[in-house]
1. Quick one: compute the contact order of the range 124-182, relative version, from alpha carbon pairs under 8 angstrom and 6+ residues apart, as a percent.
2. Round to a whole angstrom and tell me the spacing of the C-alpha centers of the range 67-96 and the range 108-156.
3. Summing -39500 (n - 2.57) over the DSSP H runs of n ≥ 4 in the chain and dividing by its residue number, what mean residue ellipticity at 222 nm do you reach, to the nearest 500 deg cm²/dmol?
4. Test of understanding: ordering Glu183, Glu59, Glu120, Glu26 by Cβ neighbours within 10 Å, fewest first, what list do you get?
5. Can you give the relative contact order of the range 16-93 as a percent, counting alpha carbon pairs under 8 Å and 6+ residues apart?
6. Restricting attention to the chain, give the cysteines that have no other cysteine Cβ less than 4.7 angstrom from their Cβ.
7. Rounding to the nearest 10 and keeping the result within 0 to 90°, find how far the Cα-based axis of helix 41-59 lies from the longest principal axis of the chain.
8. Along the Cα→Cβ direction, 7 angstrom out, place labels at Glu59 and Cys17. What is the inter-label distance in nm?
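Please treat every number below as a calculation from the coordinates, not as lab data. Bear in mind the structure is a predicted one, so any value in this text is a computation, not a measurement. Note that we place each Cβ from the backbone using ideal geometry, even for glycine, and neighbour counts take in every protein chain shown.
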Amino acid sequence: MTLAVRKDRKYTYDDYCTWPDEERWEIIEGSAYNMSPSPSVKHQRVVSLLDRRISDKVESKGCSLFIAPTDVVLDSCNIVQPDVFVVCDKKKITEASIQGAPDLIIEIISPSTELKDKREKKSIYERFGVKEYIIVYPDREYIERFILDNKGYGAPEMFNWDESLKFHSLDITVNLWEIFEREKP
């Protein structure tokens, strides 16, 4: 298992814009993380199924759904590419990137990025005001959801593959057995 590589030096969005397009990087608190290797097929299936299940519902609410690799610029030292995310404030959407915090972010766990997604990304998503942060565990077939309140993210809510999930920030429900490609319970 290859882990996401971190470069030791403070990087900014200006540095990021000079890096080769064929490489995928994120910058968290000024540290650069290489997003190689590519995600697994199972990981990408979950991304695709989430996209198909919620895209139309999101658009009917006046929001836009995006998938990686789309840059989200939280500030000059925090640039991420969440697996799936929703933006409801159209002013945040530019031709080049999303400028500011999405309303909903979904990260699908890969062994190489699990710690970063659960620690560093959760921390910056909370700090920058992401209303709902969902972590999907495709191999274990469950999810964790964090809801932002005036104190930050509390303890996660847990949902198993055989449950339905109502996205708190969007009032949309998804059957998780469809996302994990299981038979309806």
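1. Values: 86 pairs, mean separation 14.6, N = 59.
Here the relative contact order equals 25 percent.
2. 16
3. -5000 deg cm²/dmol
4. Details: Glu183 6, Glu59 12, Glu120 19, Glu26 25.
Sorted ascending by nearby Cβ count, the order is Glu183, Glu59, Glu120, Glu26.
5. Working: 88 pairs, mean separation 22.6, N = 78.
About 29 percent, as a whole number.
6. So far as the 4.7 Å Cβ criterion goes, Cys17, Cys77 stand without a partner in the chain.
7. 80
8. Simple spin-label model gives 3.0 nm for this pair.
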